Amino acid sequence: MELVGSPLTVTYAHPRSTPTKFLPAISTMASSYKNRFPYYPLPQTFSLPWMPSAYYKTAVIKPTLAPFSKSSQGLTPSKMLPFVSNRTNLFTRYTPDDWYRSNLTNYKESETSRHNAERLRVDTSRMIQDKYQQTKKTQVESTKNLGERVNDIEFWKSELCHELDEMIGETNALTDMKKRLERALAETEAPLQVAQECLLHREKRMGIDLVHDDVEKQLFTEVDVIRSCQERMQRYLDKAKAQLASNRAAQHELERDLANKQAAHRIDDKCHHLRNTSDGISYYRGVERVDATISVPESWAKFTDDNILCSQSERAASAKLRDNIENLLVVTANEMWHQFNGVNVAFTNRIAETADAKSKIQTHLAKTLQEIFQIEMNIEAIRKAIRDKGPPLKVAQTRLDERTRRPNVELCRDTAQLRLVNEVHEIDETIQSLQQRLRDAEDTLQVLVRAKSVLEHDLAVKANSLFIDQEKCMGMRKTFPSTARLVGYV
């Protein structure tokens, strides 16, 4: 082409229309660049040339339109650009300087965008790492605090368990002492009745034998001593009942506190072992705004400490009361036995071979009763042992039942599973052996009861013989309870 000047009224073979599109079709561009190009307004319109009086002449060799024809396939004739077939001049749009400036502007903007993107990437990476470290540090501190809390709970749990064991032991000891006191108090009824019957039988004396002698004086004294002992025993029995109520109240507080500690320990231990990969973690929106706490560490520790101090106080009072009851039983037994011996001084010369045989039977009866008491205690111990096996069996079976809910491949027959199964079998075998031993002990108790019945029957026979052979009073006084009965052991 040759640039020449031409008037604006130059004729064209076809009128030139303003192109409607200046960029390639969007479908030919990468998807990531869609709608990403900035809009830059062109400095000049396409309807006017940059030199109004300058146009291009058509070249001798006309360009072929084959590529444009291929790219325009599928378009309607109205959308296809008209091509000038016999044109002599073209419109010019930009200068080379505009072209270079546009490229430089694009380079600078691209460099600026890359720099900003690189700086954003670096800042984002640093921020992600900082936040990760901060989150990790916070979680480590929370885990550490939970671990310290678990240790605190374990400490107070051990203190509560120790005090609870001591209180249970003290309560059981006081209960046994109360039973001994009740048995001793019940045993005093027989000597009182004997003394009163002796006085009644001595009223049947006739003639000169109706004398207010030393035997009768000792019998009146014996009645007064036994009644005095009964009054003191009843007072201490009431005290023992009240103290047992206080012990059980303190024990209840300890058990409730221990149960709360166990529940809190289980929850905090579970929270302490939770990790980011643990199962069961979830979102709970707004839970951090709910404050369900009702105590602070100081009041929390003081509450348990007060329970322990209260239990120790009640335990000390219970121990002191047991000592007083023990002393009372010994004193009253000695008093009654001393007075009983004083009453029996008048009848010592009347004891013969029948009395000796009766004494031996009483000895065997006392030993049998003692053995019955021991075997009953043994039976109770066996029953308690059987009951004590219940919680471990429940724990083992509950563990097995819980482990059956493990999902999919987690249902592993691991060492823990095998040990739990063996534990259940071992506890079952232990319970069966204890039950067999319990049946043996009950059979032995029946044998002892039958032996006791035989001894008591033989004793009644000897008493009847003494009633016949000797005075009625001497025969009745031979049935005075033994020291073991008077102190409540039998």
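The values are calculated or read from the model by the stated rules, or taken from the named source; none is laboratory data. Please read these numbers as outputs of a predicted model, since none were measured by experiment. Because the Cβ atoms are built from the backbone with ideal geometry, glycine has one as well, and the counts that use them run over all protein chains shown. In case anyone asks, the SASA skips ligands and DNA or RNA and just uses the protein heavy atoms, side chains included. Shrake-Rupley method; radii C 1.70, N 1.55, O 1.52, S 1.80 Å.
Among what's in segment 142-169 and is among the charged types (D, E, K, R) and closer than 19 Å to Lys302 by Cβ, pick the residue that is farthest from the chain's Cα centre (by Cα).
Among those residues, the one meeting the criterion is Glu163.
Tell me yes or no: at least one residue of segment 274-297 is among the acidic types (Asp, Glu), closer than 22 Å to Thr143 by Cβ and surrounded by 13 or more Cβ atoms within 10 Å (Cβ to Cβ).
So far as segment 274-297 goes, no, none of its residues is among the acidic types (Asp, Glu), closer than 22 Å to Thr143 by Cβ and surrounded by 13 or more Cβ atoms within 10 Å (Cβ to Cβ).
Could you please let me know if Glu326 is open to solvent by 40 Å² or more (accessible area, probe 1.4 Å) and within 31 Å of the chain's Cα centre (by Cα)?
no
Among Glu118, Glu159, Glu109, which is farther than 30 Å from Met336 by Cβ, out of contact with any Lys or Arg (no Cβ under 6 Å at 6 or more places or on another chain), open to solvent by 90 Å² or more (accessible area, probe 1.4 Å) and at pLDDT 90 or above?
From the options Glu118, Glu159, Glu109, the qualifying one is Glu118.
If you go through segment 322-364 one residue at a time, how many are in contact with a Lys or Arg (Cβ under 9 Å, 6 or more places away or on another chain), among the hydroxyl-bearing types (Ser, Thr, Tyr) and at pLDDT 80 or above?
Counting residues in segment 322-364 that are in contact with a Lys or Arg (Cβ under 9 Å, 6 or more places away or on another chain), among the hydroxyl-bearing types (Ser, Thr, Tyr) and at pLDDT 80 or above gives 1.
Say whether the condition of being surrounded by 11 or more Cβ atoms within 10 Å (Cβ to Cβ), not in a helix (DSSP H, G or I) and not polar (S, T, N, Q) is met by at least one residue in segment 416-434.
Scanning segment 416-434 turns up no residue that is surrounded by 11 or more Cβ atoms within 10 Å (Cβ to Cβ), not in a helix (DSSP H, G or I) and not polar (S, T, N, Q).
Assuming Leu369 fulfils every condition listed in (1) farther than 30 Å from Thr188 by Cβ; (2) open to solvent by less than 50 Å² (accessible area, probe 1.4 Å); (3) of a type outside the set (D, E, K, R) apart from one, which condition is it?
Condition not satisfied by Leu369: (1).
Please work out if Leu434 is in contact (Cβ under 8 Å) with a residue 40 or more places away in the chain and in the same structural domain as Ser482 (by the TED database).
When the stated conditions are applied, Leu434 passes them.
Among the candidates Arg383, Arg405, Arg439, single out the residue that is charged (D, E, K, R) and at pLDDT below 90.
Arg405 is the lone residue from the list that is charged (D, E, K, R) and at pLDDT below 90.
Scanning for something under 40 Å from the mean Cα position of the chain (by Cα) and surrounded by 12 or more Cβ atoms within 10 Å (Cβ to Cβ), does segment 124-135 turn up at least one residue?
no
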